Every structure is written in C-alpha cells, then in structure tokens.
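What follows is a set of notes on a single structure, which appears directly below.
The values are calculated or read from the model by the stated rules, or taken from the named source; none is laboratory data. Source: prediction; values computed, not measured. Note: ideal-geometry Cβ built from the backbone for every residue, glycine included; neighbour counts use all protein chains shown.
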Amino acid sequence: MRNPSGAQHHAEARRAAVCELILPPRDESFRWHRHDYPASIACWNYHPEYELHLITHGSGRMMIGDHIGTFAPRQLVLIGPGLPHAWFSPLAEGETLQGRDVVLQFTQKWIEGLIALCPELGAVARIFKDASYGLEFTGDRALRLGMALEDLGTLQGTARLSACISIIASLSECSFRKLAIRAGAPDIDRPEIRRMNGLIRTLLSSDPAEIRHETLAESVGMSPSTFSRQFRATTGETLMSFLQRLRIGHACHLLATTDEPITDISCASGFSNISNFNRTFLRFRGCTPRDFRRQSRQIVNAPALQES
C-alpha cells in the first residue's frame, strides 16, 4: 500500500494549510534542523520566517504556493514569509526517509537588519524579495551550497554563524527559477488569522510559567473552548501541545545556562510537579533533564578541553 498521489495530497493540503510555530534557540539568530519523512511538520504549512530547504534524498511532488511540481535529491529551495509549502514522497507502508529534509529558518527582521548592516550583502536583497514566489536554485553552486547547509548542523557558536552568513551571501551567485505564479498566499491574511498569529508571537516571548488558557482566551475575546478550536485551526496543534513545547524549550535554556536545581527549573518552566516535567522532557527531547544538562556542558567545554 502506498501513500496518496501528489494530486490527492494537493487537494487535501489546500484544505489544511496551517501556521508552523517556529521556536528558534534562545542563543542563536536562526534555526537549523533536520527531520525525517513522514513527520508532523512535513505538511502543507506556512510561517512568517524565511526558509532555505534542502532535500537530501527521496523524491515526490512539491507544492510551493500555487506551484505543483516534482522534486529529487539535492533540491534547494528558498521560501518567503507566508508562502505555503510542502514536499510529499510516495512511500510503502511503514517506510521512513531518515533525515530527508534539512531546513534553515530565520526572521525577516534578522535578514533585513543583516543586509542593512553589511553592504556586501546587498546582492542578495533581490533574492529575498523574489522569495515570496519560492525560488529553486540550480547548478553546481547550488549543490555545493546544499552540502554547506548540511554541514552547518555540525558547527557551533561563531563558526556556525559565519557559515550561515556565507551560505546566505552565496545565494546571489546561484542560478534560480521562480516557482509560484502569484506571490504569497492571500488566504492567510484574514483578520482572525492575523490576530491569532500575533498572539502566538507574543506567547513565544512570554514567561511559560505565567501563561494561562483562560487569560489567553479572554485577551482575544473568546471563550476557552472557542479559543482552543481557533488555535488548533490556525496552528495545526493543540494549545497544550504548543505550551509543552514552549515550556520544554525554556527548560532547556535554563538547564544549559544556569546551575539552578532541576526541581526549580521544572517549576520556573510551568510544570506543576517534577514527575510530569521529567516525563514530558523525555518525550520531547529523548533524554532526561539531567542528561541534557550534562550533554550541553560537554559541548560547551569541548574546545577548552582540546586546547588544554
């Protein structure tokens, strides 16, 4: 048994475009990640961030705005803010493509500020303007950029930042083609969607321990049940799932940057008891809070150990 065809995926996805909630690391200017296919985030979605998307292996059909086409390994595409997109691979029952997608995401404010600060990046300004159509990069330079994008995941600190800026600057040297006929996506600009997305962005900068369902609903003039339905319709996930991701992200930051006891971090992140915190942390991160803290410190201390 195989997954639905690209055309069937397209018809279904048009009814289910959701806003992907991107939680960048607190200590980085951008988000790099790799994910398998199928995955919960591998759906017809949009977000206010730019996205540079690499397919490492696998093939299938892609949808970028109003464009439907095929994709193959090493495809490199730049997605502009608010442009719906998805890559669907036909698979056998139970089949998984490990690490199919490598993604670099960053805000419009960050890239515009970077270009304003560094005149040398002026050549890429047109690239990001045209990204509202979706851009597919081609040729040998695009292949080398794809490899550099993969390698970005192995770097840390200033080396990682420098490599990211180098990748962005090199986009202007690549051949590319526009994918969509119309820029952006008019249907995501509805007042209720803008209002909910604005609230979500506010939540990302809020103290997770202070967020309350009833207060959120009241702030947008909805009952708690109506708010929950609208939140899921906008984001594709429940409010509880979103809050858990937000709280675990906050806990990771505290574990990596402070010496606070884990019980205190659990409370500061909005968990009512340590058992729930440990269980939720393990589900999201695949390790215990104690193991995460130890691994984080090993990464931070590695350069110093090598030099000593």
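Data overview
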item	result
Test: residue in the stretch 42-51 that is closer than 17 Å to G146 by Cβ and surrounded by 19 or more Cβ atoms within 10 Å (Cβ to Cβ)	yes
Test: Q98 is in contact (Cβ under 8 Å) with a residue 24 or more places away in the chain, over 16 Å from the mean Cα position of the chain (by Cα) and crowded, with 16+ Cβ neighbours inside 10 Å	no
Tally of residues being within 30 Å of R195 (Cα to Cα), of a type in the set (S, T, N, Q) and at pLDDT 90 or above across the stretch 234-271	1
Close pairs (6 angstrom Cβ cut-off, 6 or more residues apart or separate chains): touching a residue at least 12 places away in the same chain (Cβ under 8 Å) and in the same structural domain as Q105 (by TED's automatic domain parsing) in the stretch 48-71, surrounded by 17 or more Cβ atoms within 10 Å (Cβ to Cβ) and polar (S, T, N, Q) anywhere	E49/Q105; E49/T107; E51/Q105; I55/Q75; G58/S89; G60/S89
Scope the stretch 139-170; condition loosely packed, with under 15 Cβ neighbours inside 10 Å and of a type in the set (S, T, N, Q); matching residues	T154, Q156, T158, S162, S166
Qualifying positions in the stretch 43-89 - of a type in the set (G, A, S) and either closer than 15 Å to D101 by Cα or not in a loop (DSSP other than H, G, I, E, B) (or both)	G58, S59, G60, G69, A72, A86, S89
Wholly enclosed helices (runs of 4 or more DSSP H) of the stretch 219-287 bearing at least 3 residues in the same structural domain as R195 (by TED's automatic domain parsing), crowded, with 16+ Cβ neighbours inside 10 Å and among the aliphatic types (A, V, I, L, M)	239-257, 262-268
